[in-house]
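First up is the structure itself, then whatever we jot down about it.
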Amino acid sequence: MKKLLIFMIILLSSFFFVSCKGKEYNINIEQVTGGTIETNYNKAKTDTLIIVTINPDSDYKYLDNSLKVNGEAVDGKSFKMPSNDVTISCEFESLNYEKDVIQYRDNVSNNVAIYKSKEFEQCEGLLVFVHGGFWVAGSSDMFDDICIETVTNYNNYIACTMEYRLLLSLENGYFDMIEDIRSCLNKLYSYFNEKEIEINKCSLIGHSSGGHTSLLYSYKYNDANIKVDTVCECAGVSSFDDPNILRLENSALLNILEKLTLTTTREECLSVLPEISPINYCNNNVKTVLCHCPTDPTVPYSNSVLLKQKLEELGKTYDFYSVPELGHTFVNSLKYMKIVVQKTINMMKLDIS
């Protein structure tokens, strides 16, 4: 009798376990403001992997670590189905900025993304970020995060990040990149004019090759409807006279520079390089912020030091920020880019007239 009882208990337990394993439980989605929640199943059996997809509305973002199942926090965005119905919830928070993307040249994918705080009242300054990439690569979205940080921390500043034509698509060498900055600033002038936003102060903030183009445009040209007040170079090329810039007979760089200068031989290219060295044109009233890391393996730190010395000789207004770490890639760090932006805005506020 005792053995029979044990057998019956085991049998019933097994039946209950199999029943639970075979039963499907409901997956309920709590309605939330600011977005939607989706799962890969509407019903599921115990231990099924449930993958959650969170879709914020355009003016909201998902609040990190807010995903919950039956009120309990979930690590990541997936969980194993328990042996009961579940209700999934999360939280979204309203973005405190607006984003617009406009095209500034016809028939090419030259866009500029414009970020503005929802608490914006009157423009105190416009910051335009110009990405790097050795003149041949790169994308404007590398500066999306710092644009958002900028308009969040400085409500009356507008931040933009622009695309421009890269080397393989250039017909007129570096002139096309200069023309893209000019066209972008003119388009922004029309855009803000239509919105009755007056731009009195503008800064270009460029990284690496984007720093070179920003410096060269600001010093040598600066002829768009929006005038550059301050230029900030982040590990930008400022002088091709620096012997360190062409160290080790860098043939790859020379090939790029030949295309940039529309030359065909090394000798011809080297003779033209002074024409595209920003350091030779810095005798105007544009204020300068220099940001460089001493351990930069790509653009030598000495390049910024040479420009700093030239600005000192000419009695020009500048700030020099020696970034303590991360070499050429410090622009990927919000920590350091927030310092770069702060220094740039401080310089923009400085009246030297």
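Quick note: the coordinates plus some simple rules give every number you see, no bench work behind them. The structure presented is a predicted model; accordingly, all values stated were derived computationally and were not measured. Cβ atoms come from the backbone with ideal geometry, glycine included; neighbour counts cover every protein chain shown.
Miscellaneous remarks
- Shape category assigned to the range 300-353 from the gyration tensor of Cα positions, a/c cut at 1.5: oblate
- Where only C-alpha atoms are counted, convex hull volume of the range 25-94 per residue in Å³: 70 Å³
- Full extension of the chain between T295 and T36 gives 88.7 nm of extra length, using 0.36 nm per residue less the Cα-Cα distance.
- Built amide H within the under 5 Å cut-off of N40, gap 5+: I51
- The calculated Kirkwood hydrodynamic radius for the range 97-349 is 18.1 Å, given to one decimal from all distinct C-alpha pairs.
- Percent RCO, i.e. relative contact order, over the range 116-177, from Cα pairs under 8 Å lying at least 6 residues apart: 41 percent
- Relative contact order, percent, the chain [alpha-carbon distance under 8 Å, six or more residues apart]: 11 percent
- The angle separating the long axis of helix 251-261 from the principal Cα axis of greatest extent in the chain is about 70 degrees.
- Highest mobility in the GNM of the chain, judged by mean-square fluctuation with C-alpha springs under 10 Å and restricted to P300, P82, P278, is found for P82.
- Label point distance in nm, N65-I29, each placed 7 Å from Cα along Cα→Cβ: 2.6 nm
- Cα centroids of the range 170-248 and the range 41-101: 43 Å apart.
- At R0 = 56 Å, FRET efficiency that the Cβ-Cβ distance of S94 and L262 yields, to 0.05: 0.65
- Rough spin-label spacing in nm, given labels placed 7 Å along Cα→Cβ, for F320 and K43: 7.3 nm
- Calculated mean residue ellipticity, 222 nm, the chain: -10000 deg cm²/dmol, from DSSP H runs (n ≥ 4) at -39500 (n - 2.57) each, averaged per residue and rounded to 500.
- The chain: most fluctuating residue of G236, G34, G210 per GNM, C-alpha cutoff 10 Å: G34
- For the chain, a Gaussian network of Cα nodes joined below 10 Å ranks N155, N332, N65 by mean-square fluctuation, and the top entry is N65.
- Efficiency of FRET from Cβ geometry, K227 and D351, R₀ 22 Å, rounded to 0.05: 0.90
- Listed by chain and number, the lysines placed with their C-alpha closer than 28 angstrom to that of K118 are K61, K99, K187, K195, K201, K227, K335, K338, K343, K349; residues fewer than eight positions away on the same chain are left out.
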